[in-house]
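Each remark here refers to the structure printed beneath this line.
What follows draws every value from the coordinates through simple rules; no lab data is involved. Being a predicted model, the structure only gives us computed values, none of them experimental. Reconstructed Cβ throughout: ideal geometry from the backbone, glycine too, with neighbour counts over all protein chains shown.
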Amino acid sequence: MNFNDIVGQRVIVESLRNAVINGMISNGYIFSGPKGCGKKFMAVIFSMALNCRGEAHDRPCGSCSSCIRTSNSNHPNLKLIKPTGQSIKIKQVREIISDTARKPFESGYKIIIIDGAEKMTIEAQDAFLKTLEEPPENTVFLLLAENHNLLLPTIVSRCQVFRIKPVDRMEMKSFIQARYDYPPMDVEAAVRHSKGIIGRALELLKDKENFKIRALYIDILDNVLSGNERDAILLAPETVEDKETAERFLDFSMSWFRDIMVMRECPKAFKDIIINIDSLDILSRHNLILTEDKLNSIMEIIKKTYIYVKHNVGIKNSIDGMLFNIAEVNSYNGKNSWS
């Protein structure tokens, strides 16, 4: 592994690479972005570069003993902290402080990766801040956060912040095709559903169950729009079990009806824009079924269901009610009254 294995983050990669080459290493870095964007992967490669013992000018070499041990998370100078339960406790931070006071087991940098850093309790953040203000020599803290704004401003101000941006669709597709042997249509579908997050695309491709679930989502919506809402409601429990799975179904449903709207608004260019390109025949059929008023009403129903699910308001009943309401909107021939 080396910096070339990081996709779509050229500015960040060049900044980290130059810091290593020039020996301008800060004591604190924050890698911020959604789950699956590659925060931990980037932190590990940077850690490899910091302690690389290879002769190559462009570190990490990926093949020296230090690089291999770092990539396998068994380098004595590397420590990983993550939440226990829902948070990172002050006891864990005190262990970090105690550890940083000791000399490194080997020459080079002592690196502390805090995964889910925004989940540190306020007490834990206060304790960590004191160490960050007066950091031990040759100690580097790498904070990984989905939302770095939840960290104390005083912590953020003492770190270099790197916001990981969504990866361009074509760049992601080329990256995956060059390294993996997945069917092109599967890659296309995974990339479009990833929202620019490489980890999501790879997760979809590695677990074939994801494609089965997605096919079931389509069956549910197809049944609803074909007047078979009872069958759709019977299928729903196979994919919607809790808040997390309900949100996934809602995300997919929103993407599905958004695609129909795009097909209508951009008839000549929609193939480059829609997400569910591999289901174009079903999308086209649904496009013929739905009027603009019905489409707008359905999207409003999904948005309202999002709110119910977010607040844990009878998740199963919320999803069943959404499907019933979509079917009712689709069968209604009068003036729209749902928005």
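What percent does the relative contact order of the chain come to when contacts are Cα pairs within less than 8 Å and at least six residues apart?
16 percent
Using packing as a proxy for protection, rank 44-56, 99-111 so that the peptide with the highest average count of other Cβ atoms within 10 Å comes first. Present the calculation step by step, with values, prior to reporting the outcome.
Details: 44-56: 21.4, 99-111: 14.9.
Top of the packing list down: 44-56, 99-111.
Using a 7 Å offset from the Cα along the Cα-to-Cβ direction at both Asn72 and Lys212, what is the distance between the two label points in nm, to one decimal?
3.4 nm
Do any GluC sites (Glu not before Pro) in the stretch 198-244 lie in a DSSP loop with no more than 15 other beta carbon atoms within 10 Å, and if so, which?
The qualifying sites are Glu241.
Once the Cα atoms of helix 90-101 and of the chain are each reduced to a long axis, what angle between those two axes, in degrees from 0 to 90 to the nearest 10, is obtained?
30 degrees
Starting from the stretch 243-336, pick out the trypsin sites (Lys or Arg not before Pro) whose DSSP state is loop and whose Cβ has at most 11 other Cβ atoms within 10 Å.
Lys268, Lys335
For the chain, what is the calculated [θ] at 222 nm in deg cm²/dmol (nearest 500), taking -39500 (n - 2.57) for each run of four or more DSSP H residues and dividing by its residue count?
After summing the helix terms and dividing by residue count, I get -17000 deg cm²/dmol.
By a straight-distance test (C-alpha under 14 Å), which aspartates and glutamates pair with Lys91 as possible cross-link partners, with residues fewer than eight away in the same chain excluded?
Here the aspartates and glutamates satisfying the reach criterion relative to Lys91 are Asp99, Glu123, Asp126.
Determine the gain in length on full extension of the stretch Leu280-Asp242; use 0.36 nm per residue of separation and subtract their C-alpha separation, reporting nm with one decimal. Walk me through the intermediate numbers first.
Working: separation 38, 0.36 × 38 = 13.68 nm, distance 2.93 nm.
Length difference between fully extended and current span is 10.8 nm.
Could you state the angle between the C-alpha long axis of helix 169-179 and the longest principal axis of the C-alpha atoms of the chain, as a value from 0 to 90 degrees rounded to the nearest 10?
60 degrees
Can you flag which of Lys165/Lys206; Lys173/Lys212; Lys268/Lys294; Lys82/Lys206; Lys35/Lys119; Lys212/Lys303 are past 18 Å Cα-Cα?
Lys165/Lys206; Lys173/Lys212; Lys268/Lys294; Lys82/Lys206; Lys212/Lys303
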